[in-house]
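All of the numbers you see were taken from the coordinates with simple rules; none came from a lab. Computed from a prediction, not measured in an experiment: that's the story for all the values here. With ideal geometry, Cβ positions are generated from the backbone for all residues, glycine too; neighbour counts draw on all protein chains shown.
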Amino acid sequence: MLTHHLLFTVSCLLGCSAESYVIDDRIGLGREFDGIGGLSGGGATSRLLVNYEEPYRSHILDFLFKPNFGASLHILKVEIGGDAQTTDGTEPSHMHSKDEGNFFRGYEWWLMKEAKKRNPNIKLIGLPWAFPGWVGEGTQWPYFFPNVTADYVVTWIYGAKQHHNLEIDYIGIWNERKYDPVYIKVLRDTLDRVGYTNVGIIAADGDWSIAAAMLEDPYLNDAVEVIGVHYPGTKTVKEALLTEKKLWSSEDYSTFNDDIGAGCWARILNQNYVNGRMTSTISWNLIASYYENLSFGGDGLMTADEPWSGHYVVESPIWMTAHTTQFTQPGWFYLQTVGNLTHGGSYVALTDRKGNLTVVIQTMTHNHSQCIRPPLPHFDVSPQIATFQLKGSFAHLTDLQVWYSKLDFETKKDTLFQRSSPIKVYNGSFTLKLDVDEVYTITTLNTGQKGTYPESPKSRPFPKNYSDDFTIDNPPFSEAPYFADQTGVFEYFRNSTDNGSHAFTLRQVVTEQPVTWARDADQTISIIGDYSWTDLNVSCDVLIETPVTGGVFLAARVDQGGESVREAKGVFYWIYANGTYKVTNDIGGQRVLAEGLSGTREGVWYTLTLRVKGYFATGMLDGYPLWKNAVVLEPKNGWTALGTLSFEYAQFDHFEVHAE
């Protein structure tokens with residue numbers, strides 16, 4: 001801190017102005033603070049987290065959720081899985097069909113329980129991105145059948161409580177899709193009818209347009225508890241303010257978790273309230289725990305994308321979060337005396353109405369705080385001296401605790417969430433010398449802590465030799481380790497008709513096109529491995545279950561996933577139930593490298609082996625060469641993968657890969 005003040009003093013020789021700001025509760029309070037949160041899902045963004053071994057998995061969870069330790073989040077928002085691609089993968093639905101329900105699929109139930117273990121007061125939100133095909137009854141519009149859709153969502157809330165003892169606090173509509181007033185009112189009626197009167201509806205998780213509709217429709221206004229908007233650029237609209245509803249930035253940030261991402265996050269956590277009166281901000285995403293070469297790789301508040309090594313990184317956005325979350329709680333109130341600093345930056349002040357005060361100040365510069373979206377208009381920030389005058393309930397304070405961060409883009413030596421000496425209050429005021437790209441928390445609370453654990457294991461690539469025979473009875477999660485479904489859903493399966501070597505398998509279980517959010521491929525696919533892999537042998541036992549029209553594939557060098565999965569290229573080795581095979585350079589099967597007769601049919605297990613080296617690929621069926629030396633000019637590298645020709649049942653077993 002001495003070095004910081006010396007540097008500041010030198011910079012101020014060029015001219016620093018002293019400005020005065022008032023912190024006062026005598027004129028009443030502002031809006032109630034609802035908390036800072038993270039979003040798991042919206043694209044399988046926590047997929048790899050569940051595969052971390054202890055103690056590293058618990059360490060990561062502590063940095064996210066443990067109070068007074070790391071990010072100390074107040075809110076966890078999760079995707080209600082819909083069997084469809086939603087940015088970086090698919091998340092399984094609790095109801096693949098209308099005649100069944102399974103509340104143990106996926107990992108969001110587990111994650112909500114882990115968050116609750118650490119913070120029993122954390123608020124839980126569920127939001128659908130996609131829906132199983134049956135919900136839309138053959139259409140891509142679930143609002144055609146509002147009662148069916150409402151029942152489906154309410155069943156998820158029921159499952160959370162009955163099977164996991166989780167109370168869901170809020171429920172959303174349909175992520176970033178046009179809202180339907182009729183559906184929102186039906187959902188509210190359905191929730192009330194089954195006793196979920198305390199579950200609030202957030203709408204519409206898109207733009208602000210629902211606010212004007214709420215002003216004209218009192219029934220819609222009554223149904224919605226929170227207006228949630230995405231990427232508002234810290235601004236609101238007058239119609240939203242006129243509703244007098246809670247206003248949330250219910251998805252924001254969406255930025256790489258480097259120091260510029262930290263600057264973005266620090267800036268909007270203040271300015272979403274200062275400029276837009278939004279009382280909650282939720283980060284997409286919670287944690288970068290998915291393959292880095294998928295969409296938005298490296299987003300999230302921290303990174304944990306190597307469960308095979310145990311390596312994770314507590315990134316700087318974690319500590320930007322802590323500046324607010326460790327010194328406020330939902331139920332505190334913003335003061336009306338908040339605002340932007342004269343020479344750039346902003347400050348907020350909050351109180352618990354019991355005498356405690358927290359002031360958060362940020363001076364992030366334009367080029368060091370740009371979020372991915374929306375575009376950030378130019379503004380200037382310069383070193384400055386700020387005096388804060390404490391009045392009303394706070395006039396008697398004599399000293400305050402100080403926590404400090406500096407994102408140093410010149411030396412690359414950041415100061416992150418450092419506790420400094422208490423600051424003395426003289427005659428009801430205190431003065432700070434503020435440099436650029438800083439965050440200060442000035443507070444009456446003594447409870448803050450920069451949590452630490454021993455350094456995580458060193459980073460290392462995905463194992464070059466890897467195998468899985470899926471032989472787990474009562475697996476803790478429905479997905480096999482490291483497999484990341486991109487279209488369709490691949491689940492552990494107990495094969496009751498086979499007590500031999502295929503008693504336990506991995507099965508693709510989505511049999512009709514979902515109501516999609518992204519552009520799912522027409523084929524199902526699950527990826528695994530290292531994106532840099534070039535030359536390798538990969539093999540897998542496969543079982544086609546659909547007669548005549550069924551088919552499965554094994555692939556290498558798959559270069560696309562996420563929202564671009566439909567455009568994926570690679571080496572795709574297909575066999576079909578009609579007795580043929582094909583080798584294609586794309587998942588859509590249009591660029592054919594080889595084809596012929598295979599003698600394959602449904603209901604029989606086959607072993608596929610794919611060898612790719614340099615510009616050539618060779619395939620074997622049950623150990624015998626079926627095709628040789630197909631020429632592969634591109635791509636040069638990518639994941640391995642398995643999948644099916646369409647939305648159909650198929651099984652996979654004894655997966656094995658050896659990369660060179």
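For the chain, build the charge dipole from Cβ charges (+1 Lys, Arg; -1 Asp, Glu) around the Cα centre, then report which of Ala84, Thr534, Thr441 sits farthest towards its positive end.
Positive-most Cα among the choices belongs to Thr441.
Rounded, prolate or oblate, given the Cα gyration tensor of segment 558-657, with a/c below 1.5 counting as rounded?
Taking the square roots of the gyration eigenvalues as a ≥ b ≥ c, segment 558-657 is oblate.
Mind checking the dipole of the chain: about its Cα centre, +1 per Lys or Arg Cβ, -1 per Asp or Glu Cβ, Debye to the nearest 20?
It works out to roughly 1540 debye.
Under 5 Å between amide H atoms, partner at least 5 residues away or on a different chain: which partners does Asp586 have, H built in plane at 1.01 Å?
HN-HN under 5 Å from Asp586: Gly570, Phe572, Arg591.
Within segment 93-202, list the GluC sites (Glu not before Pro) lying in a DSSP loop whose Cβ has at most 10 other Cβ atoms in a 10 Å radius.
When the GluC sites (Glu not before Pro) of segment 93-202 are filtered for loop state and at most 10 Cβ neighbours within 10 Å, Glu100 remain.
Lysines near Lys238 by alpha-carbon distance under 16 Å, same-chain residues fewer than 8 away left out - which ones?
Lys246
In the chain, what % of DSSP beta bridges are antiparallel (nearest 5)?
For the chain, the DSSP antiparallel bridge percentage is about 75.
Give the calculated FRET efficiency between Glu512 and Asn629 to the nearest 0.05, with a Förster radius of 56 Å applied to their Cβ-Cβ distance.
Given R0 = 56 Å and the Cβ-Cβ separation, E is 0.90.
Do any of Lys77/Lys117; Lys66/Lys458; Lys77/Lys161 go past 19 Å between their Cα atoms, and which?
Lys66/Lys458
Using Cα centres only, tell me the gap between segment 466-501 and segment 289-325 in whole Å.
27 Å
With the contact rule set at Cα under 8 Å and sequence spacing of 6 or more, what percent relative contact order holds for segment 466-545?
32 percent
Angle, helix 146-164 long axis vs. longest principal axis of the chain, Cα atoms, 0 to 90°, nearest 10?
For helix 146-164, the angle is close to 80 degrees.
Angle check, please: helix 181-193 long axis (alpha carbons) against the longest principal axis of the chain (alpha carbons), in degrees 0 to 90, nearest 10.
For 181-193 against the chain, the angle is about 90 degrees.
If you fit an axis through the alpha-carbon atoms of helix 316-325 and take the longest principal axis of the Cα set of the chain, what angle between them do you get, 0 to 90°, nearest 10?
50 degrees
Starting at 0 and stepping by 5 Å, how many percent of the alpha carbon pairs of segment 89-181 end up in each bin?
Taking every Cα pair in segment 89-181, the percentages come to 3, 12, 23, 25, 18, 11, 5, 2, 0.
Find the relative contact order for the chain and round it to a whole percent, using C-alpha pairs within less than 8 Å whose residues are 6+ positions apart.
Once normalised by length, the contact order is 15 percent.
Run the reach check for Lys406 against lysines, Cα to Cα strictly under 16 Å, same-chain hits fewer than 8 apart removed. What comes back?
By straight Cα distance, Lys406 reaches Lys433, Lys450.
Name the shape class, rounded, prolate or oblate, that the alpha-carbon gyration tensor gives for segment 331-487, where a ≥ b ≥ c are the square roots of its eigenvalues, rounded holds for a/c under 1.5, and otherwise prolate holds if a/b is larger than b/c and oblate otherwise.
Cα axes put segment 331-487 in the prolate bin.
Can you give the percent of C-alpha pairs in segment 388-453 whose distance is more than 19 Å?
41 percent
Once the principal axes of the Cα atoms of segment 15-162 are found, what is the range along each, listed largest first in whole angstroms?
Principal-axis extents of segment 15-162 (Cα, largest first): 67, 42, 36 Å.
Under 5 Å between amide H atoms, partner at least 5 residues away or on a different chain: which partners does Leu397 have, H built in plane at 1.01 Å?
Sorted by chain and number, the residues that satisfy this come to none at all.
Need the list of aspartates and glutamates near Lys613 for cross-linking: C-alpha distance under 18 angstrom, and skip anything on the same chain fewer than eight residues off.
Leaving aside aspartates and glutamates fewer than 8 places away in the same chain, those within reach of Lys613 are Asp530, Asp535, Asp559, Asp586, Glu634, Glu656, Glu660.
So how long is each side of the chain along the principal axes, counting just the alpha-carbon atoms, biggest first, in Å?
90, 57, 41
I'd like to know which of Pro514, Leu400, Trp141 lies farthest towards the positive end of the charge dipole of the chain, counting +1 on Cβ of Lys and Arg and -1 on Cβ of Asp and Glu.
Farthest towards the positive end: Leu400.
Determine the shape class of segment 415-562: with a ≥ b ≥ c the square roots of the Cα gyration tensor eigenvalues, call it rounded for a/c under 1.5, and otherwise prolate if a/b is greater than b/c, oblate otherwise.
It comes out prolate by the Cα gyration axes.
Hey, could you get me the Stokes-Einstein D for segment 465-659, Kirkwood radius over alpha-carbon pairs, 25 °C and 0.890 mPa s, rounded to whole µm² s⁻¹?
150 µm²/s
Please state, as a whole number in µm²/s, the translational diffusion coefficient that the Stokes-Einstein equation yields for segment 35-307 at 37 °C and 0.692 mPa s, with Rh defined as the Kirkwood radius across alpha carbon pairs.
Translational D for this selection: 175 µm²/s.
Count neighbours as other Cβ atoms within 10 Å of each site's Cβ, and list the trypsin sites (Lys or Arg not before Pro) in segment 371-480 that are DSSP loop with at most 11 such neighbours.
Passing both the DSSP loop test and the Cβ count: Lys412, Lys413, Lys458.
Would you please state the base-10 log of I(q)/I(0) at q = 0.22, 0.23, 0.25 1/Å for segment 140-239, with intensities from the Debye formula using one equal scatterer on every alpha carbon?
Taken in order of the listed q values, log10 I(q)/I(0) reads -1.18, -1.26, -1.40.
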